[in-house]
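K.L.:
Quick one: this structure, given as structure tokens, is what I'll be asking you about.
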Amino acid sequence: MKRSLRDLVLAAACLWGCAACSDDVADRLKGKWQLQTVEADGATQRVDTVWYNFQSESLFMYQIYQPATGRYVYTYGYKTQPDDRTLRLQLANYTLRVEQFLPFTDWSSGVRTFRVVHVDSRRLQLESDGRRYSFLKF
């Protein structure tokens, strides 16, 4: 009896450990990420006023701080992942209409597809439209 209980506890601990170290990109994306740099055409631009928030399996928040006014502009949207290396973000008409929010961004439409270059517990790199976006977990 003692051996069975010990084996059960050991198996449960192993399963919990595997879940905690999940390689699932969706799990590693969860949280708030602050944009640090945007690289395009050989030039790197530093950024510290933009955040991507992955709040659940499907919800997304795009947040921008405007130093001139001391205000935040943000909107919500949806996240889908056709595979581990593809991230599709779609803005919704929530706090602002998409066409009102786009001028604050470098997005050309309310839908953007990114290639996930790297994601771990601290760093995220995405590529889209010839640009590489580097984030740190906030």
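Matching residues to (1) more than 18 Å from residue 25 (Cα to Cα); (2) in contact with a strand residue (DSSP E or B) (Cβ under 9 Å, 6 or more places away or on another chain):
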{"position": "61", "(1), (2)": "no, yes"}
{"position": "70", "(1), (2)": "yes, no"}
{"position": "76", "(1), (2)": "yes, yes"}
{"position": "87", "(1), (2)": "no, yes"}
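K.L.:
Further, regarding this structure: Can you tell me which residue is surrounded by the most Cβ atoms within 10 Å (Cβ to Cβ) among those in segment 44-84 that are of a type outside the set (Ser, Thr, Tyr) and either in contact with a Pro (Cβ under 6 Å, 6 or more places away or on another chain) or not in a strand (DSSP E or B) (or both)?
P.N.:
Going through segment 44-84, the residues of a type outside the set (Ser, Thr, Tyr) turn out to be 45-48, 50-51, 53-55, 57, 59-61, 63-64, 66-68, 70-71, 73, 77, 79, 81-84.
From what's left, either in contact with a Pro (Cβ under 6 Å, 6 or more places away or on another chain) or not in a strand (DSSP E or B) (or both): 47-48, 55, 57, 67-68, 70, 84.
Working: 47: 16, 48: 12, 55: 13, 57: 12, 67: 8, 68: 5, 70: 7, 84: 13.
The extreme case among them is 47.
K.L.:
Somewhere in segment 85-98, is a residue within 16 Å of the chain's Cα centre (by Cα), in a loop (DSSP other than H, G, I, E, B), in contact (Cβ under 8 Å) with a residue 40 or more places away in the chain and more than 17 Å from residue 133 (Cβ to Cβ)?
P.N.:
No: segment 85-98 contains no residue that is within 16 Å of the chain's Cα centre (by Cα), in a loop (DSSP other than H, G, I, E, B), in contact (Cβ under 8 Å) with a residue 40 or more places away in the chain and more than 17 Å from residue 133 (Cβ to Cβ).
K.L.:
Considering only segment 92-138, state which residues are touching a helix residue (DSSP H, G or I) at 6+ places or on another chain (Cβ under 9 Å) and closer than 17 Å to residue 33 by Cα.
P.N.:
Result: 116, 119, 120, 121, 124.
K.L.:
Quick one: in segment 15-40, which of the residues that are modelled with pLDDT of 95 or more and more than 18 Å from residue 138 (Cβ to Cβ) is most open to solvent (accessible area, probe 1.4 Å)?
P.N.:
Across segment 15-40, the extreme among qualifying residues is 39.
K.L.:
Taking residue 110, is it at positive phi and either modelled with pLDDT under 95 or over 12 Å from the mean Cα position of the chain (by Cα) (or both)? Spell out the reasoning first.
P.N.:
Values: at positive phi: no; either modelled with pLDDT under 95 or over 12 Å from the mean Cα position of the chain (by Cα) (or both): yes.
No; evaluated as a whole, the condition is false for this residue.
K.L.:
Further question: Within segment 105-120, track down each residue that is within 16 Å of residue 91 (Cβ to Cβ) and either without any contact (Cβ under 8 Å) to a residue 24 or more places away in the chain or part of a loop (DSSP other than H, G, I, E, B) (or both). Steps first, please.
P.N.:
At the first step, the residues of segment 105-120 found to be within 16 Å of residue 91 (Cβ to Cβ) are 105-114.
Passing the criteria: 105, 106, 107, 108, 109, 110, 111.
K.L.:
Additional query: Which pairs do you get when a residue that is under 15 Å from residue 134 (Cβ atoms), found in segment 37-60, comes within reach of a residue that is among the small types (Gly, Ala, Ser) and surrounded by 12 or more Cβ atoms within 10 Å (Cβ to Cβ), reach meaning Cβ atoms under 7 angstrom, with the pair 6+ apart or on two chains?
P.N.:
These pairs meet every condition: 37/134.
K.L.:
Among the residues of segment 121-138 satisfying the criterion of being assigned to a loop (DSSP other than H, G, I, E, B) and modelled with pLDDT of 95 or more, which is least open to solvent (accessible area, probe 1.4 Å)?
P.N.:
First pass over segment 121-138, keeping only residues assigned to a loop (DSSP other than H, G, I, E, B): 121-122, 129-130, 138.
Now narrow it down to the ones that are modelled with pLDDT of 95 or more: 122, 129-130.
Values: 122: 130, 129: 113, 130: 69 Å².
This residue is 130.
The values are calculated or read from the model by the stated rules, or taken from the named source; none is laboratory data. These figures come from a predicted structure and were not determined experimentally. No Cβ is skipped: glycine too gets one built from the backbone with ideal geometry, and neighbour counts run over all protein chains shown. These accessible areas exclude ligands, DNA and RNA; they are computed on the full protein's heavy atoms, side chains included. Shrake-Rupley method; radii C 1.70, N 1.55, O 1.52, S 1.80 Å.
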